[in-house]
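One structure below.
The values are calculated or read from the model by the stated rules, or taken from the named source; none is laboratory data. Since the structure is predicted, the reported quantities are computational estimates derived from the model, not experimental observations. In this analysis, Cβ positions are derived from the backbone assuming ideal geometry, glycine residues included, and neighbour counts consider all displayed protein chains. Heads up: the accessible areas ignore ligands, DNA and RNA and are worked out on the full protein's heavy atoms, side chains in. Shrake-Rupley method; radii C 1.70, N 1.55, O 1.52, S 1.80 Å.
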Amino acid sequence: MAGDFAWRLRQEKFDLAVVLPNSFRSAFWAWIAGAKRRVGFARNGRGWLLTDPLMPRPRDVPHPVIDEYLRLATYLGCEDLSRTTELAASGKHERQLREFWNRQRLGRFAERGVVCLNPGGAFGSAKHWPATSFAELAARLAVELEKRVLVLCGPAERNEAREIVRLAKHPAVFSLAEEVPSIGLTKAAIRRADLLVTTDSGPRHFAPPFGVPVVTLFGPTHVAWSETNYVRGLHLQVEVECGPCQKRVCPLEHHRCMRDLNVGWVFKAAAALLEKFPDGQKAA
C-alpha cells in the first residue's frame, strides 16, 4: 500500500512541496514524492529531507502557528500577506443542512437564529469540556436568548452530541448525530450560524472566514499557539498552576483547566458577542 502511494506521488513530478506540519513523516513523504524543492522548518531531525530547511522559532516561546506559515510563504516570494482566511461551503452540504432543518419539528422555534456548539477535539480528551456543561449552556441559550442550538459532531463525537441534547432537555436543542458526518456539513452549519461555541479544535477556524462570532474554550493548550487576532472571537481559559500543559490527556487526572470553566462565564461571553455582532452583520 505504502509503495503504491509512493509511486503515485512520484508520477506527479512535483516542482515544490511546502511542508506545513513539523512532523518527520510529512517531510519524509515530500522527499519520497521527489519534489524538486521541499520547503519547511528544520524540526525533529528532518532537515536533511528538505532542500530549503528554515530555522524555526524556539518551542519554549508560544507563538501563533499562522505566523510561521506566513514565514514560509514570505520565503517563497509571496507578498501582501495577512492572517485573513477564506473558506467556502459547497451547494451539496448547504442542501444537506436545509434538508436537516426541514425534517425537524421546529414549530415556534423556526424563526430563531442558530448557535452551534462544537464539543469535539481530535487532539485528546484534555481539550474536552464536560457534556453536562455543554448541555447546561445549550439550555440557557435556548431559554434565555431564544436561540436554536445545534450540536456539531464528527464520527467520534456522535454519542457525546446525543448526550448533550438529552441532558439539555429542551426542544430547541438539536444535534447532527444522526446525519452522515462530514467536514462539509460542519462548515455549512457554522456558516449559517449566529455564533459558534467550541473547544480549541479545527472547526473553531471555520468561523473567521465566514464572519461568524466564536467563543473558544481553551484548556491544556496555550492560546498563543493558535492566536488568529480575529476581532469577533473571545478566548476563555482558566488559570491553573499546572497549565497550560500541552498534554493530550490530563496527567494529574483532575482536568481542572476545563472542568473549572464555568458555564455562566461561557454564557456571558456568548451573549456579549451576540449583542455586539447581531444576526445579519456577518463579514461574509
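Going through the stretch 67-98 one residue at a time, which ones are of a type outside the set (D, E), within 30 Å of V114 (Cα to Cα) and surrounded by fewer than 17 Cβ atoms within 10 Å (Cβ to Cβ)? Give the steps one after another, and end with the answer.
Residues of the stretch 67-98 that are of a type outside the set (D, E), as a first pass: 69-78, 81-85, 87-93, 95-98.
In the following step, the residues that additionally are within 30 Å of V114 (Cα to Cα) were identified as 82-85, 87-93, 95-98.
Once the filter is applied, which keeps residues that are of a type outside the set (D, E), within 30 Å of V114 (Cα to Cα) and surrounded by fewer than 17 Cβ atoms within 10 Å (Cβ to Cβ), the stretch 67-98 yields S82, R83, T84, T85, L87, A88, S90, G91, K92, R95, R98.
Conditions tested, residue by residue: (1) more than 15 Å from the chain's Cα centre (by Cα); (2) surrounded by fewer than 22 Cβ atoms within 10 Å (Cβ to Cβ); (3) modelled with pLDDT of 95 or more; (4) not small (G, A, S).
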residue	(1), (2), (3), (4)
L145	yes, yes, yes, yes
R148	yes, no, yes, yes
V151	no, no, yes, yes
V173	yes, no, yes, yes
T228	no, yes, no, yes
Q237	yes, yes, no, yes
V240	yes, yes, no, yes
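Could you check, for the stretch 26-35, whether at least one of its residues is exposed (fewer than 12 other Cβ atoms within 10 Å of the Cβ) and either in contact with a Phe, Trp or Tyr (Cβ under 7 Å, 6 or more places away or on another chain) or at pLDDT 95 or above (or both)?
From the stretch 26-35, those exposed (fewer than 12 other Cβ atoms within 10 Å of the Cβ) are none; that's our starting set.
No, the stretch 26-35 contains no residue that is exposed (fewer than 12 other Cβ atoms within 10 Å of the Cβ) and either in contact with a Phe, Trp or Tyr (Cβ under 7 Å, 6 or more places away or on another chain) or at pLDDT 95 or above (or both).
If we only count helices (runs of 4 or more DSSP H) wholly inside the stretch 62-150, which ones have 1 or more residues that are closer than 20 Å to G233 by Cβ?
Numbers: elements: 65-75, 91-103, 131-144.
The helices (runs of 4 or more DSSP H) meeting that bar are 65-75, 131-144.
Counting only residues that are of a type in the set (D, E, K, R) and touching a helix residue (DSSP H, G or I) at 6+ places or on another chain (Cβ under 9 Å), which one in the stretch 153-171 is most open to solvent (accessible area, probe 1.4 Å)? Don't jump to the end; show me each part of the working.
Restricting attention to the stretch 153-171, the residues satisfying the condition of being of a type in the set (D, E, K, R) are 157-158, 160, 162-163, 166, 169.
Still in the list and also touching a helix residue (DSSP H, G or I) at 6+ places or on another chain (Cβ under 9 Å): 160, 163, 166, 169.
Numbers: E160: 41, E163: 65, R166: 138, K169: 170 Å².
So, considering only residues that are of a type in the set (D, E, K, R) and touching a helix residue (DSSP H, G or I) at 6+ places or on another chain (Cβ under 9 Å), the one most open to solvent (accessible area, probe 1.4 Å) is K169.
Any residue at all in the stretch 113-121 that is of a type outside the set (D, E) and open to solvent by 30 Å² or more (accessible area, probe 1.4 Å)?
First, pick out the residues of the stretch 113-121 that are of a type outside the set (D, E): 113-121.
Add one more test, that the residue is open to solvent by 30 Å² or more (accessible area, probe 1.4 Å), and what stays is none.
No.
Among the residues in the stretch 249-264, are any modelled with pLDDT of 85 or more and not in a loop (DSSP other than H, G, I, E, B)? Quick ask: steps written out before the conclusion?
Initial filter on the stretch 249-264 (modelled with pLDDT of 85 or more): 261-264.
Among the residues that remain, those that are also not in a loop (DSSP other than H, G, I, E, B) are: 263-264.
Scanning the stretch 249-264 turns up at least one residue that is modelled with pLDDT of 85 or more and not in a loop (DSSP other than H, G, I, E, B).
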